[in-house]
Each structure stands twice: as structure tokens, then as C-alpha cells.
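First comes the structure, then the notes that go with it.
The values are calculated or read from the model by the stated rules, or taken from the named source; none is laboratory data. Here the structure is a predicted model, which means the values were calculated and not measured. Here the Cβ positions follow ideal geometry from the backbone for every residue, glycine too, while neighbour counts run over all protein chains shown. To get the accessible areas, we keep the full protein, side chains included, count just its heavy atoms, and leave off ligands, DNA and RNA. Shrake-Rupley method; radii C 1.70, N 1.55, O 1.52, S 1.80 Å.
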Amino acid sequence: MIRAIDPRYEVPSRKYFTETEMPKLYAELRENVEKELCDLKYFATTTDLWSSRTMEPFLSLTIHYITDDWNLGSRCLQTSYFPAEHTAEEIAQGLKEALESWGFKEERQVCITTDNGTNVVKAASLNDWTRLQCFGHRLHLAIEKSVKDPRIDCAVGVCKKIVSAFSYSWKRRKELKKGQAEHHLPFHRLITETPTRWGSCQMMIQRVLEQEKALSQVLKADRKTKHLVPTWQDTDVLESISRTLGPLLEFTDALSGEDYVSVSYIKPVLHLFNNTVLAAADDDTELTKDMKRVLLEYLNEKYSDPKTVDLLDMASLVDPRFKDAYIADDHQEFIKTRAVAEILSLLEVQAATVREPLPHTSTEAAAVGADCAEAAVERQSKKVKRSLGSFFKKASDGTAALADREAIEVELKSYLQTMQVDGETDPLDWWRLHQANFPRVARLAQKYLCIPATSAPSERAFSFGGNIVTCHRSLLKPETVDKLVFLANNL
């Protein structure tokens, strides 16, 4: 067709896109991302390890930050080939090199969110980085522990066999639709469990319970499947599981987002689990009570680490929706004192530090740092005209006369006494409006609220990688995979 339209035009080959267009697009996008990130005061990261279809190992790194105009941003920095042994020492070195390649200073990193792999946990410790355990992984492990019961194994096994019986037979699926119509049930398909995702098992159970009448009708009509009809004991067990795990689905999904603040939710969510969602009720079965007890014991134990408690308390303190509401009474004074000391430290660092270009490794990155530094100097050197109103401005005889620490304490106290904010309010929108009222506390909020509650951003990067390294593209070079994943995540 192209030859018929214009015989002179040469259609670009795959080699042209691979060797010319993609590297060009990658270089342009990387330069834009470097310009965007060169002026960050604080940032948080997530990381994870992944193996492609060809069993080539990759190490991901994503960055999360809050801009000066209170927008939450995130970028996938790399999905780099990682052929070294997956020891803690190698991972620690790989993460350090990743930050250095982008010119980021480790002291600006507030926290790194990872799963609970022993090697990754030790790597963060070797680098002396503050680490937050992924809430999604921790909840998954808690649920796995709570369902270790022979009754649950038997009932879930029946569910799996029922789903399998309908998955491989179009006749049974046809009969199921008739049964759904007769019993006035929604025309939903059965859901298959994915072992690595506890939520899929819960959704499978919910769907089987929802379609129980139609399923039983179809299974009873066939001699080969009569034995699969759930007994009343199986139904009781499945209902107990659903009642316990059902409410947890929404919490997992909500805390896995990266477009909104999530870290400050962890303490309130744990409080909600202990007092409402997983609290024992009078009409709970013994199995439900046992599951709830195991879940709470596990989560409370894992989130009782002093460093984790301090981090989560600081995050909830600077969220105007929660403040000190979910901080333990005997811990409130300590957290407030720490907040004051940290704000004072931030102000001292800012006063003592002269803006310098970030030490990027490439010449392009160095140019980006120089541009940022020049822009900062230009902003500082501009002479600000004195307004007419400034001649009539009265000197403040209160806070201005106080020492820095006292001024910070007054501001923090004033912030904590502000009106209660609705739970649906975006904390970043609130800080955008009230930053002028609480400028010192705002610095702390900008530092802590960028931390993601889960390592889902790194998992999403690998989802892009899985869609790129398909069976038909299994010979892609690792560096090409890194560039393609970078483009897919950041364009």
C-alpha cells in the first residue's frame, strides 16, 4: 500500500526502531525526568526483584516524592539486569549504584518500602536506610497463617474442584446460566484462584456462595459431579472465611495506590482492624473467631517494632485527617518532641546548605544539575520590591520573639488544634491551602507523606515487563527491556 502511495518512501525496519528511535526517545525522556527530579528535597523509593520468562533477573527501583506545589509524583527509574547473586550485599550495592546513577543523595531518601524477603531486608539494613515493610505482603502472610486449618483446606478444595468442573465444560456453563435465570441470580462467571494473591481465593469463595443454588442444581443433575455439591459443613466454613476476609479486600486495594497518600493510613487501618473489622462479634463462629485472633496477633506483632511505630506515627501526625488521634497516649509526647527536633534540624540544614548541582554521572545529567542550580541562583538574586503595605505592617510581638524551638512548638500545637478534617479530604490539597499558616510543619509533611504503604509500584513495573518480554519477544536484550519498561512507565 505504501509503495502504491509513494514508491520513494522507505518503511522503517524493526532494526531502525531498535537502534535509532527507541534509544533517542529513551534519552529524551530520561533527560526530562532528570530535570523534573533534580530539585527534590526528599523522596521515598520501592524496590523488588523479578525474573522474566527467560529467567533473567531484574532489579526495579521506583521513586516517590511531593513537589513544592503539593502534587504527589512517582517515577520508575529502572528495571535493570541483575545477574549477580541475590545476596544482601549485592542487592545493597546495586541499590546504591542505582541512586548514584541518577545523582540522588542517600540522605535525602526518607524511606524504602520493600517486601519481606530476608535478603532485601538485610540489604536495606546494610545501607543504613530506613525501611518500611510492605503492608500488602504483610497482610498476605497474616492471612496465609490464619487459614492453616484442615476444615478450611477441605472447603477451599471443594471450591477449586467446582470451578474446575465448570471451567472445562461449555455444557455445564450453559446449564449454569439456566440455573441462574431460574433462581434470579446475577449472570456472573466463576472465579479461578491465583495462589500468590489471597484476594483471588476470597473472590472465588464469594462467587461460589453467591451462585450456590444454581451450582448445586447443575452438579446434582450429573452423576459425575454429584459428589462436588457442597455439604452444609462446607458452606458454614466458606461463610466463616468470607465473613473474616471479605472486608480486608478493600483495604489491600486502597493501600496499594501510588497516586494518593497511603502511608498515613496504616496506623488508622490497624486501629480499625483491632476495634471493628477483626474484633470478635457475638454471632461469629468459632472458626471466624480463631481466624480473627491469628490475624490480629500476627499484624500487631509485626507492627510493634519501635522504628516502624515511630515512622508510622510521624506520618499520621502530619496528615491533617488523623494528627495524633491514632498515636498511643504514652507515645504522643515523644513523637511531638521528635517532630520539633526534626523540623529544627531541617531548618538548620536549609540555612547552612548552599544549593549545588546534583553530582550526576553523565554529562547530560551534570548539565541538568547546572541548569537547576542556575535557576535557583537567579530566583534568589531577583530583587523583590517592597510593597506599600509593608510600611504599615506591625511587628509581631508573639512568635517572632520566641526562639526557633519555641516557635516550632507553638506552630505544631496550633496545627494539632485546627478543626477536624473530613476523612475523604486529600491531605495534599489541605497542605496546599494551609502551608502559609504552618510553614515549618509543612516541611515535615512534605518529607513523610511521599512514602508508599506497599511495594506495589515495583510490582506494576514488573507487570509492564511481563507484557514486554512475551513468548514471541523472549530474545530481547536486558538493556532493551530496561529501556522499554522505563518508557512504558514514564511516558
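Key figures
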{"item": "Hits in region 89-130 (condition: open to solvent by less than 10 Å² (accessible area, probe 1.4 Å) and small (G, A, S))", "result": "A92, A98, G103, A123, A124"}
{"item": "Single condition T79 does not satisfy, out of (1) of a type in the set (V, I, T); (2) at pLDDT below 90; (3) out of contact with any strand residue (DSSP E or B) (no Cβ under 6 Å at 6 or more places or on another chain)", "result": "(3)"}
{"item": "Enumeration of residues in region 306-330 that are in a helix (DSSP H, G or I) and either aliphatic (A, V, I, L, M) or open to solvent by 60 Å² or more (accessible area, probe 1.4 Å) (or both)", "result": "P306, K307, V309, L311, L312, M314, A315, L317, D329, D330"}
{"item": "Hey, D397 modelled with pLDDT of 80 or more, open to solvent by 20 Å² or more (accessible area, probe 1.4 Å) and assigned to a loop (DSSP other than H, G, I, E, B) or not", "result": "no"}
{"item": "Exclusive hit being within 22 Å of the chain's Cα centre (by Cα), outside the structural domain of V309 (by the TED database) and open to solvent by less than 60 Å² (accessible area, probe 1.4 Å), set S262, S242", "result": "S262"}
{"item": "Complete set of residues in region 439-475 that are β-branched (V, I, T) and free of Cβ contacts under 8 Å to residues at least 60 places away in the same chain", "result": "I468"}
{"item": "Test: residue in region 273-281 that is touching a Lys or Arg at 6+ places or on another chain (Cβ under 7 Å), without any contact (Cβ under 8 Å) to a residue 40 or more places away in the chain and more than 24 Å from L449 (Cβ to Cβ)", "result": "yes"}
{"item": "Scope region 449-491; condition under 30 Å from D310 (Cα atoms) and open to solvent by 50 Å² or more (accessible area, probe 1.4 Å); matching residues", "result": "E459, R460"}
{"item": "Residue count, region 78-97 (criterion: free of Cβ contacts under 8 Å to residues at least 40 places away in the same chain and under 17 Å from T45 (Cα atoms))", "result": "5"}
{"item": "Residue within region 113-124 that is under 30 Å from P457 (Cα atoms), hydrophobic (A, V, I, L, M, F, W, C) and in contact (Cβ under 8 Å) with a residue 40 or more places away in the chain present", "result": "yes"}
{"item": "Qualifying position, being over 30 Å from T114 (Cβ atoms) and at pLDDT 80 or above, among E479, E459, E411", "result": "E411"}
{"item": "Hey, A488 part of a helix (DSSP H, G or I) and more than 18 Å from the chain's Cα centre (by Cα) or not", "result": "yes"}
{"item": "Tally of residues being free of Cβ contacts under 8 Å to residues at least 12 places away in the same chain, over 22 Å from the mean Cα position of the chain (by Cα) and open to solvent by 80 Å² or more (accessible area, probe 1.4 Å) across region 282-305", "result": "4"}
{"item": "Residues of region 247-259 classified as surrounded by 13 or more Cβ atoms within 10 Å (Cβ to Cβ) and either touching a residue at least 40 places away in the same chain (Cβ under 8 Å) or not in a helix (DSSP H, G or I) (or both), total", "result": "9"}
{"item": "Listing of helices (runs of 4 or more DSSP H) fully contained in region 154-234 that carry 3 or more residues being open to solvent by less than 20 Å² (accessible area, probe 1.4 Å), in contact (Cβ under 8 Å) with a residue 12 or more places away in the chain and closer than 25 Å to F251 by Cβ", "result": "198-210"}
{"item": "Test: E31 is open to solvent by 50 Å² or more (accessible area, probe 1.4 Å) and farther than 30 Å from A124 by Cβ", "result": "no"}
{"item": "Residue match in region 26-36 (condition: part of a helix (DSSP H, G or I), among the aliphatic types (A, V, I, L, M), touching a strand residue (DSSP E or B) at 6+ places or on another chain (Cβ under 9 Å) and in the same structural domain as N116 (by the TED database))", "result": "yes"}
{"item": "Selection status of T47, surrounded by fewer than 22 Cβ atoms within 10 Å (Cβ to Cβ), modelled with pLDDT of 90 or more and either under 14 Å from the mean Cα position of the chain (by Cα) or in the same structural domain as V481 (by the TED database) (or both)", "result": "no"}
